[in-house]
Each structure stands twice: as structure tokens, then as C-alpha cells.
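The values are calculated or read from the model by the stated rules, or taken from the named source; none is laboratory data. Because the structure is predicted, anything quoted here is derived from the model rather than measured. Counting neighbours? That spans all protein chains shown, and the Cβs are built from the backbone with ideal geometry, glycine included. Protein only, heavy atoms only, side chains kept; ligands, DNA and RNA dropped before computing areas. Shrake-Rupley method; radii C 1.70, N 1.55, O 1.52, S 1.80 Å.
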Amino acid sequence: MFERLDQIEGEALVAIAAATDEGVLRDLEVRFLGKKGALTEVMKGMRDVAPADKPKVGARVNEVRAAVEGAITTRRDALEGERIARLSADPDFDVSLPPFDVGRLGLEGRVGGVGALHPLTRVTAHIEDVFRAMGFLLLDYPEVESEFFNFDALNIPATHPARDMQDTFWVETPPGVDKQLLRTHTSTGQVRTMRAMKPPFRAIFPGRVFRYEEVDASHEHTFHQVEGLMIDRKVSVANLIYSMKTLLSEIFEREVTIRLRPGYFPFVEPGFELDIQCQVCGGKGCSVCKHSGWVELLPCGLVHPNVLRHGGLDPNEWQGWAFGLGLSRLVMMKYQIEDIRHLLGGDLRFIQQFE
Ligand code: FA5
């Protein structure tokens, strides 16, 4: 047994000293120290060794293992040193290459992955272009909002049953400070815009919204909307529908089947729901459209006089229309994404499909 150990040690040390690259070293490591390597084989023979000799044989096995490991480390350092010396002497060597790669993987810098725009970002930019071309301003409002702009200013006082339509994440606020929440919709920007701008004006405000919702294939607790608002002396439902149709045909680049039905929101009168035929199943019924064939996408209507008043506008002089596009669902429809959770799930395999 001692003889065999001497033989392994001798062979290993010669082979390691002769190794000319790190790949060969790795093979030698496996051959001598690996799970099926020469030393493991010897260890298997231990059961036949007389009990009195076992400690001595064990000690020798450890000695050989330490010697082989030490020799591999020394040789690896030497090979690395030689390579670095060679590189430094090379006038064409690019010192700006990442040091990790130069040292460990070879000469080439690692090629970085090519970034891609998230589908939400891509569709938002497209919508912004479409509306900018129609003379709309692009505005941005806070995600942490006061109860006033999210509800009261939109004709939804505390006692109003419509507050239950949007389950809310409330933000803890000290006593005496206005109650704060994570905005449940982008409609928060309506009265803010009316107070900041001189009419007539038209604007869109895209953004992230939050609801304390049970999550499923078409409902997220965090999702995206785009609000559209137009204020003028005379606006019409026809103009509103024209703008929304323009938006949809631009985004889908083909005809899509829609339906308009009456919808109730305290901040519009009359109010409508615009649904799109489900593009994931083609209207046949699936988990995205809850087997109805239709997806709620674009609620809208004429701005309620009380909202105009909160915005400081006289309803006898000014009128408006507004819509609240379900952007996350629009993206799902455009790219036939069968589960909304993919959008913000952070799985790179999902996002890489849009490169
Ligand atoms: C609103 O949020 C109103 N502010 C829309 C509005 C604006 C009406 C202006 C009138 C005038 P609603 O709660 O229905 O309405 O949401 C609007 C759209 O957001 C829905 O049609 C749907 O496409 C999308 N949406 C609603 N809840 C979720 C959710 N949990 N996950 C993903 N998308 C959602």
C-alpha cells in the first residue's frame, strides 16, 4: 500500500510539473484527487489493512493528498504568472480588458448581453408618440398621493361606495397630515392638471398604480395605466372615441374588434367601458379574459362637472373627456402574453423574448 502511495505521489508530481496549461492541471486534479481518482481507489483498500496499521496508512494518504494539492496550486500560480508576464510584454495587449476575464478565462473580455426595452416601456413610448402627434402634453404625477386627489377630487367622498371598487394600499401618516395612499389609478392627475394648466389643453399621464388585489392571470397589485385628459370649450364623445380608436389602430397596426358599453365611474358622466376582443385566445375564451372573450381595456367618459369644479373650472364654460387605459393589459393583448405576472416578474427569459 505504501508502495502504491509512493508511486501515485511520484507520478502526480512529475505530471504536474510538466503541465503546460491550466486545463491539463484540472485533468490531473481529477485523475489523482477526484471522486474516482487514484487516491480514492487506495482509500477503498483501507478495509483490508490490519487495524494496527490503519493510522499510519491514513497519515500517508493525507500526506500524499497535501503534496499533490500543494503542487497543483504552485503550478497553477506559476502558469498564471507566466501568462500575465507574456501579456504585459505584448504591445498589442489591451489593458482595459476586465481583469477577472484576463486572469481566469483567457484573453478575451466577456461580451456583455445586449439590453432590450421592456415591452411596457416600448408600448408606453409608442403611445406617447401617437398622442404627442395629436398635440397632447406628457405629464408625470406622484405614486404616493393624497386621498384628496385619488378620491375626493374625483367625486368619490369617503362615504361613497365606489371607494370599494379600488382596494387601496394606505400609507401610514402622522396625525394632522392629509391621509396618503399609493395611487389606485392615474386619474389622480386630472384635478392636478386642471389646477396647474390654463385651458384649453390636452395631456396624457402614464404611470404605475397599485391596488390591494388578489393576483391572477389578468390582475396585478402593481400595474400600469395611461390617463388621457382633454379640456376645451366644447368636447364630444365622438372626439373621445376617435382618439381611442386612433390609439388602438396605431398600437396594434391592424384592425381589432372592440365594443363600447355604458360604464359607471363617479368622475365621468356619461361613462363608458371600451373592451377589446381577447387577443390571447382570439375571443374563444381563456384565463386572461375569464372565458368571456373580452378584456376591459379603456374606460372613459365626459368629465363630471364636480371634478371640473375641483379643478377650478366653470362647468358652464369648460368641458372635458378622460380615459384610463389599462396599459398592462394592452401590452398583454399586443404581445399575446397569457399571464400579467410575467410583466413585472423580473424573469430575464421573459424579457429577452422582446430583444
Ligand atoms: C379606473 O382606474 C379609472 N380611473 C379609469 C377611468 C379614467 C375611467 C378616466 C373614466 C375616465 P378601472 O378600475 O376600471 O378604472 O381600471 C382601468 C383599467 O385598468 C381596466 O380597464 C383594466 O384594463 C386595468 N386594470 C384594472 N385593475 C387591474 C389590475 N388589478 N391589474 C391589471 N390591470 C388592471
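Only one entry of Ala203, Ala238, Ala217 meets the criterion of being within 27 Å of Arg122 (Cβ to Cβ), modelled with pLDDT under 95 and in the same structural domain as Val303 (by TED's automatic domain parsing), and that entry is Ala217.
The set of residues in the range 171-225 being among the aliphatic types (A, V, I, L, M), assigned to a strand (DSSP E or B) and more than 16 Å from the ligand (Cβ to nearest atom) consists of Val171 alone.
Set side by side, the residues Gly346, Gly283 differ, and just one is at pLDDT below 95 and touching a Gly at 6+ places or on another chain (Cβ under 8 Å), which is Gly283. For the range 150-170, the candidate set comprises residues that are loosely packed, with under 13 Cβ neighbours inside 10 Å and either at pLDDT 90 or above or more than 24 Å from Thr222 (Cβ to Cβ) (or both); within that set, the residue that is nearest to the ligand (Cβ to nearest atom) is Pro161.
Among the residues of the range 179-196, count how many are free of Cβ contacts under 8 Å to residues at least 60 places away in the same chain and over 15 Å from Val303 (Cα atoms). First the steps, then the outcome.
The first filter runs over the range 179-196 and keeps only residues free of Cβ contacts under 8 Å to residues at least 60 places away in the same chain, leaving 179-184, 188-189, 192, 196.
Now restrict to residues that are over 15 Å from Val303 (Cα atoms): 179-184, 196.
So the answer is 7.
Against the test of being open to solvent by less than 10 Å² (accessible area, probe 1.4 Å) and more than 9 Å from the ligand (Cβ to nearest atom), the options Ile231, Ile241 yield a single qualifying residue, Ile231. Please enumerate the residues belonging to the range 311-355 that are assigned to a helix (DSSP H, G or I), within 30 Å of Ser236 (Cα to Cα) and open to solvent by 20 Å² or more (accessible area, probe 1.4 Å). Arg329, Lys334 - these are the residues of the range 311-355 that are assigned to a helix (DSSP H, G or I), within 30 Å of Ser236 (Cα to Cα) and open to solvent by 20 Å² or more (accessible area, probe 1.4 Å).
Checking each residue in the range 122-140 for being under 24 Å from His221 (Cβ atoms) and open to solvent by 40 Å² or more (accessible area, probe 1.4 Å) picks out Arg122, Asp140. Residue count for the range 1-50, restricted to those that are assigned to a loop (DSSP other than H, G, I, E, B) and open to solvent by less than 30 Å² (accessible area, probe 1.4 Å): 4.
Looking only at residues in the range 297-341 that are charged (D, E, K, R) and in contact (Cβ under 8 Å) with a residue 40 or more places away in the chain, the one that is nearest to Met230 (Cα to Cα) is Glu317.
The sole residue among Val68, Val64, Val95, Val57 that is over 30 Å from Arg349 (Cβ atoms), at pLDDT below 90 and crowded, with 16+ Cβ neighbours inside 10 Å is Val57.
For Trp294, the requirement of being free of Cβ contacts under 8 Å to residues at least 40 places away in the same chain and touching a strand residue (DSSP E or B) at 6+ places or on another chain (Cβ under 6 Å) is met. The set of residues from the range 51-67 being hydrophobic (A, V, I, L, M, F, W, C) and either outside the structural domain of Ala12 (by TED's automatic domain parsing) or assigned to a helix (DSSP H, G or I) (or both) comprises Val57, Ala59, Val61, Val64, Ala66, Ala67.
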